[in-house]
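Okay, structure first, notes after.
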Amino acid sequence: MPTLRDVARLAGVHLSIVSRVLNDDKKTSVKEETRQRVQEAAEALGYWPNALARGLKMKSVGSLALVIPDISNPVYAEIIRGAEQEARQSGHFLLLASTAGADPRTLEFMQALLEGRVDGVILANALLDDAVIDALEAGRYPYVLVNRRSQRARRYVVADDAAGALLAVNHLIERGHRRIGHLAGPPTADTALNRKLGYRHALEAAGIVFDRDLVVEGSYSTESGRIGVQQLVSLPHPPTAVFAANLRVAAGAMDAARRLGVRIPDDLSIVGMHDAELAELLSPGLTTVRLPLEGLGREAVRMLLRVTRGEPGPEQVVLTGAELVERESVRTIQETAHSAS
């Protein structure tokens, strides 16, 4: 059976253009020449949009898709668990794909949606400016973002990342730290921007001047944590504490600190975003902020099922309830130790 991608390839246009033409999207302006080329390619291949792709009501196929950026990241285990439990309770199967946002497999998974093999898709890998959302919006296909927001997306379920970061940095401030670094996530991710925002708000509320040298942007990886902490401890006036944007970044930072002879928490205190068994197994145990990740998965499935059924309901959900999990990676600094800073 020819696919939408085959039509796009033959017509020499983007997948989203094919979707708009074949779905007769009145809101999008497409040149008549392009429209005719797409229609001729579809006819030559014998491609006809199925009932779902035409936006008509049809019986559910009973499966939902969840696309995540990295299945090895322990953060996603809780989201997957919550989504799978909610899908099962509603009589649906949950199909899982692990891929990066720019990977061609993402579009292949979207193709499964277009061909009616899944009822809808949950995306945990969308970036702030993501062209995949354009194709979904143009075709009016059921989708929900989870643990992500995008400039292009209408529907999402996220945790209050800014509040979680505020909780983490306030804990360090309460323990006497005034020079606090931030190992930030990628600037293309909404989660990273909100965690940085919470970090800055905590400093400002405590009367601490924001220092750009204490913020190192990177990816959500252990290697990024290693590189970031090396940069911070090499400063002429290094921080006494660090807030890491996620668990893997924190683990990488702790590993690099150990290799550099920087003792945790004696020389450097660390708090990481997200909690998992790994945090407890690190030495010393890592103080973390626990976010309602399982709840994100559950709520994303509930929202997606409402969309597929045409039922009303909220399209932007922010889950609260961040919790500080104290372990041994933070020490208290006495007033005399930090008064000069």
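Check whether at least one residue in the range 151-170 is modelled with pLDDT of 95 or more, on the phi < 0 side of the Ramachandran plot, touching a His at 6+ places or on another chain (Cβ under 9 Å) and surrounded by fewer than 21 Cβ atoms within 10 Å (Cβ to Cβ), and report yes or no. No, the conditions are met nowhere in the range 151-170. Scanning the range 5-34 for residues being at pLDDT below 85, in a helix (DSSP H, G or I) and over 18 Å from Tyr141 (Cα atoms) gives a total of 1.
Looking across Val216, Val249, one residue alone is surrounded by fewer than 23 Cβ atoms within 10 Å (Cβ to Cβ), in contact with a strand residue (DSSP E or B) (Cβ under 8 Å, 6 or more places away or on another chain) and of a type in the set (A, V, I, L, M). It is Val216. Exactly one residue out of Thr288, Thr188 is of a type in the set (Val, Ile, Thr) and either under 17 Å from Ala168 (Cβ atoms) or surrounded by 21 or more Cβ atoms within 10 Å (Cβ to Cβ) (or both), and it is Thr288.
In the range 212-221, the count of residues that are in contact with a His (Cβ under 9 Å, 6 or more places away or on another chain) and part of a helix (DSSP H, G or I) is one or more. Within the range 73-97, being in contact with a strand residue (DSSP E or B) (Cβ under 8 Å, 6 or more places away or on another chain), touching a residue at least 12 places away in the same chain (Cβ under 8 Å) and either hydroxyl-bearing (Ser, Thr, Tyr) or not in a loop (DSSP other than H, G, I, E, B) (or both) holds for Tyr76, Ile79, Ile80, Ala83, Glu84, Ala87, Phe93, Leu94, Leu95, Leu96, Ala97. Does Val325 fit the bill of being closer than 18 Å to Asn246 by Cα, in contact (Cβ under 8 Å) with a residue 24 or more places away in the chain, surrounded by fewer than 17 Cβ atoms within 10 Å (Cβ to Cβ) and β-branched (Val, Ile, Thr)? Taking the combined requirement at face value, the residue satisfies it.
Criterion applied to Val271, Val262, Val318 was being at pLDDT 95 or above, outside any loop (DSSP other than H, G, I, E, B), surrounded by fewer than 20 Cβ atoms within 10 Å (Cβ to Cβ) and not hydroxyl-bearing (Ser, Thr, Tyr), and the one residue passing it is Val318.
Yes/no per residue for (1) within 22 Å of Val146 (Cβ to Cβ); (2) among the hydroxyl-bearing types (Ser, Thr, Tyr); (3) in contact (Cβ under 8 Å) with a residue 60 or more places away in the chain; (4) assigned to a loop (DSSP other than H, G, I, E, B):
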site	(1), (2), (3), (4)
Gly181	no, no, yes, no
Pro186	yes, no, no, yes
Lys196	yes, no, no, no
Gly207	no, no, no, yes
Glu223	no, no, no, no
Leu235	no, no, no, yes
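The values are calculated or read from the model by the stated rules, or taken from the named source; none is laboratory data. Bear in mind the structure is a predicted one, so any value in this text is a computation, not a measurement. For neighbour counting, all protein chains shown are included, and Cβ atoms are generated from backbone atoms with ideal geometry for every residue, glycine included.
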